[in-house]
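**Q** First the structure, then my questions, so here it is.
Values in this text are rule-based calculations from the coordinates and carry no lab data. Small disclaimer: the values here were computed from a predicted structure and weren't measured.
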Amino acid sequence: MVAVPVVMGSLMRIPMGVLTYRLGAKRVFPALMLFSALPLAALAVWHQGYGQVVAFGFLLGAAGSSSP
């Protein structure tokens with residue numbers, strides 16, 4: 001459960017790098033932060049089962065792709 005966001009963050013670095021190269025960091029970073037807020041809010045509301053926590057952790061891991 002803890003490793004899922006880390007794996008997602010490492011896998012998303014390549015597509016995020018391509019998007020940043022094509023669109024620019026001033027567009028991609030705010031969009032990524034807005035996207036990251038959605039799974040975080042969903043995780044706070046719907047966390048009844050292990051599968052849901054892992055799924056939202058997978059989506060939340062996209063925020064880890066923004067670190068340098």
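**Q** Report the dimensions of the chain along its three principal axes from the alpha-carbon atoms, largest first, rounded to Å.
**A** Principal-axis extents of the Cα atoms in the chain, largest first: 39, 20, 14 Å.
**Q** Can I ask one more? Express the relative contact order of the chain as a whole percentage, based on alpha carbon pairs under 8 Å and six or more residues apart in sequence.
**A** Values: 63 pairs, mean separation 39.2, N = 68.
Relative contact order comes out at 58 percent.
**Q** Using only the alpha-carbon atoms, how far is helix 13-23 inclined from the longest principal axis of the chain? Give it as 0 to 90 degrees, nearest 10.
**A** 40
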